[in-house]
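J.: One structure follows; several queries about it will come next.
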Amino acid sequence: MLHGRRVVLGVTGGIAAYKAVEVCRRLVDAGAFVSPVLSATAVRFVGPATFSAVASEPARTSLWEGPEASPHTALGQRADLVVVAPATARLLAAYAIGMADDLLITTLLATRAPVVVCPAMHTEMWEQAAVRANVETLRQRGVVVVGPDAGHLAGGDSGLGRMADPADIVAACVSVLSAGEPGDLDGVRVLVTAGGTREPLDAVRFLANRSSGKQGHAVAAEAAARGARVTLITAADLAAPASVERVDVETAADMEHAVARRGVSADVVVMAAAVADFRPKAAAPTKLRTADGVPDVVLEPTTDILACLGEHRRPGQVLVGFAAEIGDPRPGAQEKLRRKGVDLVVGNDVSAPGVGFGHDTNTVVIVGPDGMELNVGPADKRVIARAVLDAVVDLRSTM
Ligand code: CTP
């Protein structure tokens, strides 16, 4: 995907620097020639030897060392992409005001290549007006900002500020670099849903499920990288490529309305979301008090969005569903394929250890017309996404 592309990987000083090694490895695996540039504080977290071992050339840490007379212009001029992961508040500020005081920032200022930054910091810092303003400035200048995600932070805290997943960062790099290149989904309108919906019980509680949204986001990123015009309707707090139109939703009803507005015009719909099948009939407007006793919750069914799409589909439209099953996913996936009137169903066994809900990897069976059954994985969710879209492309070629 990145074969022959030159990528400068900037790493700045945050605990997420250890995950930058994984970003580096994934970039190399995708075929990129990776030049790591570490800030002075990054090396306090991870040493240059680690990056040198994984990357395509030795890691650099200074403006004043290395074979070239002018390393920052050499790196900046020949780069096809510069990605900074993690990007600290200091890096964002220095880049926004053009304060060229180390090799990484001088490289950022000396390049005309697209730039991706992946902020990582504590929630309080991320929410600071100064940081928000710097990020906004960079965005307006065309810098692609990936993440941060919500999750565990340094020092046992949790909240928004965790660096985006290495797989999502590399997917963003692929998407930025392939913008403008024709792909096998070039111009195809792809609608993807992702994440688990939340159904309010009262003002503070909700019914939810274990879906992380990673698989749906991977499908959206992969479709965008292959040239599709992607709309992602998501209930997950995860990054999405900048080229994707993103619609955030919370409940099954929100998702139903969002899909109803956009589904008709889509050429391909991939329903990867774990939409609640039931919701409380009436959510209490205030917080239910324990003193009032155990609430008598009455549930009602939600609309089956995928089945509705199957019923009213446009000729030529491809519909893909997902089936989270316990044990062998094939019978359940086959049954949903028929019942919901769709073209493909991606089934997985959610009871299998180490894959599926919340993980970066998945093992699936893709079932389709004429008894088609394709086993994929265990593999990165991006690889699963690729296999699903390959099946979609195959199907469209027969229509
Ligand atoms: N789906 C949907 N609308 C719903 C529920 C599910 O569009 N209200 C979609 C999901 O996005 C997914 C597929 O349908 O693509 C999953 O089917 P579903 O019937 O939810 O699976 P289960 O609830 O696991 O089915 P069952 O209870 O029949 O095993």
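The values are calculated or read from the model by the stated rules, or taken from the named source; none is laboratory data. This structure is a prediction, so every number in the text was calculated from the model and none was measured. Please note: Cβ atoms are built from the backbone with ideal geometry, for glycine as well, and neighbour counts cover all protein chains shown.
J.: Pick out, from region 42-99, the helices (runs of 4 or more DSSP H) lying fully within it that include 1 or more residues that are more than 28 Å from the chain's Cα centre (by Cα), of a type outside the set (Phe, Trp, Tyr) and buried (at least 17 other Cβ atoms within 10 Å of the Cβ). Don't jump to the end; show me each part of the working.
T.: Working: elements: 42-45, 48-54, 71-78, 89-97.
Of the helices (runs of 4 or more DSSP H) lying wholly inside region 42-99, those with at least 1 residues that are more than 28 Å from the chain's Cα centre (by Cα), of a type outside the set (Phe, Trp, Tyr) and buried (at least 17 other Cβ atoms within 10 Å of the Cβ) span 71-78.
J.: Further question on the same structure: Determine which member of the set Ala224, Ala235, Ala208 is under 19 Å from Val393 (Cα atoms) and not β-branched (Val, Ile, Thr). Quick ask: steps written out before the conclusion?
T.: Numbers: Ala235 fails: under 19 Å from Val393 (Cα atoms); Ala208 fails: under 19 Å from Val393 (Cα atoms).
The match here is Ala224.
J.: Right, here's the next one. Answer with yes or no whether Gly377 is within 12 Å of the ligand (Cβ to nearest atom), at positive phi, free of Cβ contacts under 8 Å to residues at least 60 places away in the same chain and assigned by TED's automatic domain parsing to the domain that holds Lys214. Outline the logic, then answer.
T.: Details: within 12 Å of the ligand (Cβ to nearest atom): no; at positive phi: yes; free of Cβ contacts under 8 Å to residues at least 60 places away in the same chain: yes; assigned by TED's automatic domain parsing to the domain that holds Lys214: yes.
Judged against the criteria, Gly377 is not a match.
J.: Please pick out the residue among Pro301, Pro285 that is within 9 Å of the ligand (Cβ to nearest atom) and surrounded by fewer than 14 Cβ atoms within 10 Å (Cβ to Cβ).
T.: Result of the check over Pro301, Pro285: Pro301.
J.: Identify, please: which residue in region 327-357 is among the β-branched types (Val, Ile, Thr) and within 16 Å of the ligand (Cβ to nearest atom) and is, among those, surrounded by the fewest Cβ atoms within 10 Å (Cβ to Cβ)?
T.: To start, the set of residues in region 327-357 that are among the β-branched types (Val, Ile, Thr) comprises 342, 345-346, 350, 355.
Narrowing the set further to residues that are within 16 Å of the ligand (Cβ to nearest atom) leaves 342, 345-346, 350.
Values: Val342: 21, Val345: 28, Val346: 30, Val350: 19.
Ranking the candidates gives Val350 first.
J.: A further question follows. When region 213-236 is examined, which residues are found to be modelled with pLDDT under 90 and outside any helix (DSSP H, G or I)?
T.: Arg226, Gly227
J.: If we keep just the residues of region 358-393 that are assigned to a helix (DSSP H, G or I) and touching a Leu at 6+ places or on another chain (Cβ under 8 Å), which is surrounded by the fewest Cβ atoms within 10 Å (Cβ to Cβ)?
T.: Within region 358-393, the first condition is being assigned to a helix (DSSP H, G or I), and the residues that meet it are 369-371, 381-393.
Now narrow it down to the ones that are touching a Leu at 6+ places or on another chain (Cβ under 8 Å): 369, 387-389, 391-393.
Values: Pro369: 10, Ala387: 18, Val388: 25, Leu389: 24, Ala391: 21, Val392: 27, Val393: 16.
Among them, the one singled out is Pro369.
J.: Just to be sure, is Leu306 within 8 Å of the ligand (Cβ to nearest atom), touching a residue at least 24 places away in the same chain (Cβ under 8 Å) and in contact with a strand residue (DSSP E or B) (Cβ under 7 Å, 6 or more places away or on another chain)? Working first, answer last.
T.: Values: within 8 Å of the ligand (Cβ to nearest atom): yes; touching a residue at least 24 places away in the same chain (Cβ under 8 Å): yes; in contact with a strand residue (DSSP E or B) (Cβ under 7 Å, 6 or more places away or on another chain): yes.
Criteria met by Leu306.
J.: Of all residues being under 25 Å from the mean Cα position of the chain (by Cα) and small (Gly, Ala, Ser) in region 100-123, which is farthest from Gly4 (Cα to Cα)? Just the residue, please.
T.: Restricting attention to region 100-123, the residues satisfying the condition of being under 25 Å from the mean Cα position of the chain (by Cα) are 108, 113-123.
Within this subset, residues satisfying the condition of being small (Gly, Ala, Ser) are 113, 120.
Details: Ala113: 15, Ala120: 29 Å.
Among those that are under 25 Å from the mean Cα position of the chain (by Cα) and small (Gly, Ala, Ser), it is Ala120.
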